[in-house]
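Comments concern the structure below.
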Protein chains: 2
Amino acid sequence: MAKVYVIGHKSPDTDSIVSAIAYANFKGKIDVDDEYIPARAGEINSETKYVLERFNVPVPELLTNAEGKNLILVDHNEMGQVVDGADKARIFEIIDHHKIGDIQTSAPILFHAEPVGSTGTIVADFYFYHKIPLSKEMASILLAAILSDTVIFKSPTTTEKDKQIAEKLNEIAGLDIEKFGMEVKSAKSDIKGKTANELIMSDFKEFEKDGYKYGVCQVEVVRYDEAEARKDEILKELEAVGASKGERLAVFMLTNIIDESTKLWFVGDEEVIRKAFKKEPVNNEVFLPGVMSRKLQVVPPIHEAIG
Amino acid sequence: MAKVYVIGHKSPDTDSIVSAIAYANFKGKIDVDDEYIPARAGEINSETKYVLERFNVPVPELLTNAEGKNLILVDHNEMGQVVDGADKARIFEIIDHHKIGDIQTSAPILFHAEPVGSTGTIVADFYFYHKIPLSKEMASILLAAILSDTVIFKSPTTTEKDKQIAEKLNEIAGLDIEKFGMEVKSAKSDIKGKTANELIMSDFKEFEKDGYKYGVCQVEVVRYDEAEARKDEILKELEAVGASKGERLAVFMLTNIIDESTKLWFVGDEEVIRKAFKKEPVNNEVFLPGVMSRKLQVVPPIHEAIG
């Protein structure tokens, strides 16, 4: 009986934590010979805390070093985002919904990446496809993951499949989807009482292209003014975080989920920002109306603009 | 209406060609807004020729440069094996059953790699899952692809899923599976009348790890003696091929499908071979009883032994 840790990315968000919990549960049902343990690569954020507490689901085990362990990666496929020690671990599977990153294996594995709005959608689909019953708790947290990652279906990453799977999950969960979505999102959108470092690190992702490192964090708010009053403090901290990770560009996406727009703040390579968004930055900022998705609207143009 | 080319690896084998044909056909049925064209990245081998002619299926279009085109990659996910110009193409999907290679994208795509015996198994499963009817021709060539890649279920890459899917395909194809498998395999195992270069290039795959390039080709035979009589000639040609591709190691797998063993011939980095197979090479050769699979039994130990 092998122990396999199912784990999401560093600076975990709700989709990453819920996918780890639900996929570990799923694997445990279709393979009773091995033990599947949900794990996390960092502290959970206030939104995830709200979701797990509401449905009495335990917080996954913290894994600080994965060296020598068996891993299934969910919700990421970039070495820059993976738990420490993963380069010396055995990666058995990858289930994700992001661009294809830089993880290589020496033997064939199951690698399923699908361009849908959340990894929760894919995990829920596995349950339905294999006809594994979902408990009310599991269906509810998967629904929360979908609503969180798709910003209640407002993000351009949202697909018909996300909506269909959410409806099917809600046949079990029995919630008011719109209202539940706002409850989930507002558990995170309050920035009061958080330090600049907490804001940045609560959802920070690292990327690399041909040796060029960059990082993009995203904070979702329902109003701009509170964060704007702290812009200097946040930029200063962003600079320190980027420098500590050897990044040539560090980006802070301040996304207003009501307005459906993003103020993109950055430190570092201004030329890449100019080229990526075809806008002239003012005070380390470009305003991006209609932009809500890091993986679809911010990372691809930056990735293309590098080199 | 976009044109999308569905294409397998260079030095295509039967699984690569059939998967391109069958997946293009499948995509055309579930997405009538776009045009899916099966393509190939090189000449077909004698086994594939036999299979396509037997079922009157046209040979896919030859694509020599994919620059600017829309692509779906089947049966590979390594830049060293992809059609020329793919670095300047748009990759929409990847369907494969090999180790995870070095292809990166700037946006999310469907990437499905599954550790089964052939890509044909995965493609057939898509038809069954989406309830798309399979013609007798399509079922027969998919069955041929599975039998070819799994060496009639004798390769250690074979999974229960390959056998189940083969059975389901044969409900439509109506063939004697064992007999059909031998007919398919023997269409390729005759090395008479082939030059050393033809033998090597008929199924040659290139790999890279941290800048270290290596190549592995495989020739399946029903007896060793004919190829052994030409060992010097083959090694000399292997050296030329490896050098022309900048490889530090070039490997020729002479696999006996009756004995279920492989004579591994190589030129270049002897130390990696020694470390990978824990055997002392004699005359540029190690004998590997029970070894039939490049991707499961030869590439992983070499990949691990490098660096």
**Study point:** Residue-normalised accessible area of the range B:235-307, given per residue in Å² at a 1.4 Å probe
**Key:** 42 Å²
Revision key, fill the gap. Taking N as the residue count of chain A, its alpha carbon Rg divided by 2.2 N^0.38 Å gives 0.96
Check your understanding: Pairs A:Lys10/B:Lys88; A:Lys99/A:Lys194; A:Lys161/B:Lys131: which exceed 21 Å Cα-Cα?
Key -> A:Lys10/B:Lys88; A:Lys99/A:Lys194
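I need the GluC sites (Glu not before Pro) found in the range A:41-108, filtered to DSSP loop residues with at most 13 other beta carbons within 10 Å of theirs.
Answer in residue order: A:Glu67.
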Check your understanding: To the nearest Å, what is the center-to-center distance of the range B:101-154 and the range A:119-188, using C-alpha atoms only?
Key -> 30 Å
Check your understanding: Comparing B:Ala22, B:Ala113, B:Ala240, which has the greatest mean-square fluctuation in the GNM of chain B with Cα pairs linked when under 10 Å apart?
Key -> B:Ala240
Review point. Ignoring any ligand, DNA or RNA, what whole percent of the accessible area of the range A:1-122 comes from carbon and sulfur when the probe is 1.4 angstrom?
Key: 48 percent
Practice item. Please work out the average accessible area per residue across the range A:3-186, using the 1.4 Å probe convention, and give it in Å². Key: 36 Å²
**Study point:** Radius of gyration and maximum dimension Dmax of the range A:3-186, Cα, Å
**Key:** 15.2, 46
Check your understanding: For the range B:12-67 and the range A:257-307, what is the separation of their Cα centres, given in Å?
Key -> 40 Å
**Study point:** For the protein assembly as shown, size of Cβ-based charge dipole, Lys and Arg +1, Asp and Glu -1, in debye
**Key:** 240 debye
Review point. Within 10 Å of each Cβ of A:293-304, how many other protein chain Cβ atoms are there on average?
Key: 2
Point to revise | For the protein assembly as shown, convex hull of alpha carbons as volume per residue, Å³ | key: 154 Å³
Exercise for review: For every helix of n ≥ 4 consecutive DSSP H residues, a contribution of -39,500 (n - 2.57) applies; sum these over chain B, divide by its total residues, and give [θ] at 222 nm rounded to the nearest 500 deg cm²/dmol.
Suggested key: -11000 deg cm²/dmol
Check your understanding: In Å² (nearest 100), what accessible area is buried between A and B, both sides summed, heavy protein atoms only, 1.4 Å probe?
Key -> 2300 Å²
Point to revise | Acute angle (nearest 10 degrees) that the helix B:231-244 long axis makes with the longest principal axis of chain B, alpha-carbon atoms | key: 60 degrees
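In Å, what Kirkwood hydrodynamic radius results for the range A:124-213 from the alpha-carbon pair distances? Working shown, then result.
On the way: mean 1/r = 0.0662 Å⁻¹.
Value: 15.1 Å, from the Cα pair sum.
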**Study point:** GNM result for chain A, Cα springs below 10 Å: residue of A:Asn70, A:Asn45, A:Asn283 fluctuating most strongly
**Key:** A:Asn283
Check your understanding: Using a Gaussian network for chain B with springs between C-alpha atoms less than 10 Å apart, which of these wobbles most: B:Lys263, B:Lys209, B:Lys27?
Key -> B:Lys209
Practice item. Using per-residue counts of other Cβ atoms within 10 Å, averaged over each peptide, order A:98-106, B:80-88 from highest down. Key: A:98-106, B:80-88
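Once you average over the residues of A:95-107, how many Cβ atoms of partner chains fall within 10 Å of each Cβ?
6
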Exercise for review: May I ask for the net charge around A:Tyr212, where only other residues with Cβ less than 14 Å from the Cβ of A:Tyr212 are counted and Lys, Arg are +1 while Asp, Glu are -1?
Suggested key: -4
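The values are calculated or read from the model by the stated rules, or taken from the named source; none is laboratory data. The model shown is predicted, which means the values in this text are computed figures rather than measured ones. All Cβ positions, glycine included, derive from the backbone under ideal geometry; neighbour counts span all protein chains shown. Heavy atoms of the whole protein, side chains included, go into the accessibility calculation; ligands, DNA and RNA do not. Shrake-Rupley method; radii C 1.70, N 1.55, O 1.52, S 1.80 Å.
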